[in-house]
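Report on the structure given below.
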Amino acid sequence: DKAAFYCTTVDMCNYLTTEIQTLFPDKVVNKYTSEDDYENLVESDIVFTTPGSAGTGVDIKKLRRVFLSIGVKSSQRNFQIKGRLREILDLDSNGVVKDTVFYYFVCTDIHQHVDYHNFKRFKFKNRVKSHEEIVTDFVL
């Protein structure tokens, strides 16, 4: 199974790729931006990219998790990034179809981020199986 993380900048993709490679040495971890080969995107277990690099027109086989770390309000951009996920009919060890999951981060201290979150809840209504919130005490 694969995961894609959408970041704002190439520098952030570089940084996170290096950090995650050290945490998961058994996984193929790469970044995919305008300067990288397409193979970095499709052959990685975990890939860090930007919306401009892997936002449209790409199909990543066995992609199960997409993480959007950027505050995005554009309907088109949100649907494009969420749309990288496709239904996969693989079963887990209990015989249940493995779900695909789209995660996005919200900084509740930033009013605009909360607005974007509410916008996503409205736009994704009746277009996703569920919409759950995970609240943490994580502070930067």
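The values are calculated or read from the model by the stated rules, or taken from the named source; none is laboratory data. Worth saying up front: this structure is predicted, and the values here are computed from it rather than measured. Every residue, glycine as well, gets a Cβ built from its backbone with ideal geometry; the counts of neighbours run over all protein chains shown. Keep in mind that these areas ignore ligands, DNA and RNA; they rest on the heavy atoms of the full protein, side chains included. Shrake-Rupley method; radii C 1.70, N 1.55, O 1.52, S 1.80 Å.
Quick look at the values:
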| quantity | calculated |
| --- | --- |
| One residue from Ser74, Ser93 being among the small types (Gly, Ala, Ser), more than 23 Å from Thr18 (Cα to Cα), at pLDDT below 80 and open to solvent by less than 90 Å² (accessible area, probe 1.4 Å) | Ser74 |
| One residue from Lys82, Lys123 being farther than 16 Å from Cys7 by Cα and either among the acidic types (Asp, Glu) or modelled with pLDDT under 85 (or both) | Lys123 |
| Only one of Phe119, Phe124 that is within 17 Å of the chain's Cα centre (by Cα) and touching a residue at least 24 places away in the same chain (Cβ under 8 Å) | Phe124 |
| Residues within the range 115-140 that are open to solvent by 50 Å² or more (accessible area, probe 1.4 Å), assigned to a helix (DSSP H, G or I) and out of contact with any His (no Cβ under 7 Å at 6 or more places or on another chain), tallied | 4 |
| Leading residue by the ranking (nearest to Ser69 (Cα to Cα)) among those in the range 1-41 that are of a type in the set (Lys, Arg) and open to solvent by less than 80 Å² (accessible area, probe 1.4 Å) | Lys31 |
